Each structure stands twice: as structure tokens, then as C-alpha cells.
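See below for the structure under consideration.
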Amino acid sequence: MRTPVARFLALLVAATLSFAVAQADGFRLAFVDTQVLISAHPAQADIADLGAALDAELQELLAQRQALITKQAADGLTAEEEELLQALTVTIQTRQNTGLEEIRNAAAPAEQAANDIIREIAARDGYDLVLDIGAAAGLVVFAAEDVPDITQEAVTLMQERFPAQ
């Protein structure tokens, strides 16, 4: 039975070979910084606000939890404090999950707009593959200096289609 790592390596080798073959056939590649592109969408303000509110709320809950953990290590906790510690732990996890879901929901229109714009530019300019420069940094070992970066062009389209409110 193949391990997930072995399957991943096999896929990586296959993708590399396909990429090498495609290069010989006039394969066109471009990079884009999707985080910069998403930041140009008006939803970024909501995303940032939700993130800041979640951070503040979690910091407060984590501080309360840490105080109880410190007390537990030094003096022990009463039954009520133990219950509070457990409740705080569950609350933190639940709030973290719901907060991240709220952020994902707020980001969805910006992500969809970014994907649409990237596809449009790729189709118009004949790119066969557009890589997110942030994600590609860990995967791409070498890229020629002349590989286009379409980020600024995509940001300009984003700002034209979704002006700041």
C-alpha cells in the first residue's frame, strides 16, 4: 500500500514531467499574488474588521485561560475553576472555528472575483498556468526572470470592477 507521501511524490514527479513536456510545446506560465489581489477588493475591510475583532476576543479568552492554567500549576484549582477552565477551552475552540468561518464567508466574494479576473487575464493572454506566487514559493525551485507577474494588472481590474465604497 502506498503512503500519502509516496503518492504525493509520484504526483509531483508526474507534474514535473508534464510541465517539462509542456514547456517544449510553448507552455505559458504567469505568477500572481492572490493576497494582494484579494486585498484590493472592498470586502477586505470587512475581512480585516472580523479578523481584528476575533483576535481581540480570543486574546481576552486566552488570557483568562492562561491565568487559570498558571494558578492550576502553582496552587491547584477549585472545582468551579476547573469547570471554568474547561468551559474556556471549549469556548476558545468554538469561537475560533466560528470566527474563521465568518472570515471565510466575508472573503468568498473577493476570492471569487480574484479567480474570475485571473482566469480572464489567463484566457486573454494565453497563459496555460497561473501560480499564486505565495503558494508557489515553497514549490517552485527555479523560475526565469521573464515569467510574467500579472498581479498589478489583476489589481487594476479588481479596482475598476469593485471600487472602494
Original post:
Name the residues in the stretch 126-135 that are more than 13 Å from the chain's Cα centre (by Cα) and surrounded by 12 or more Cβ atoms within 10 Å (Cβ to Cβ), would you?
Top reply: 127, 128, 129, 130, 131
Original post:
Among helices (runs of 4 or more DSSP H) lying entirely in the stretch 47-165, which contain 1 or more residues that are modelled with pLDDT of 95 or more and under 30 Å from residue 29 (Cα atoms)?
Top reply: 79-125, 151-161
**OP:** May I ask you to list the residues in the stretch 67-125 that are more than 21 Å from residue 152 (Cα to Cα), surrounded by fewer than 13 Cβ atoms within 10 Å (Cβ to Cβ) and charged (D, E, K, R)?
**Re:** 75, 80, 83, 101, 104
Subject >> Extreme residue, farthest from residue 132 (Cα to Cα), among residues of the stretch 35-61 that are exposed (fewer than 15 other Cβ atoms within 10 Å of the Cβ) and among the hydrophobic types (A, V, I, L, M, F, W, C) >> reply: 56
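The values are calculated or read from the model by the stated rules, or taken from the named source; none is laboratory data. Quick caveat: nothing in here was measured; it's all calculated off a predicted structure. Cβ: placed from backbone, ideal geometry, glycine included. Neighbour counts: every protein chain shown.
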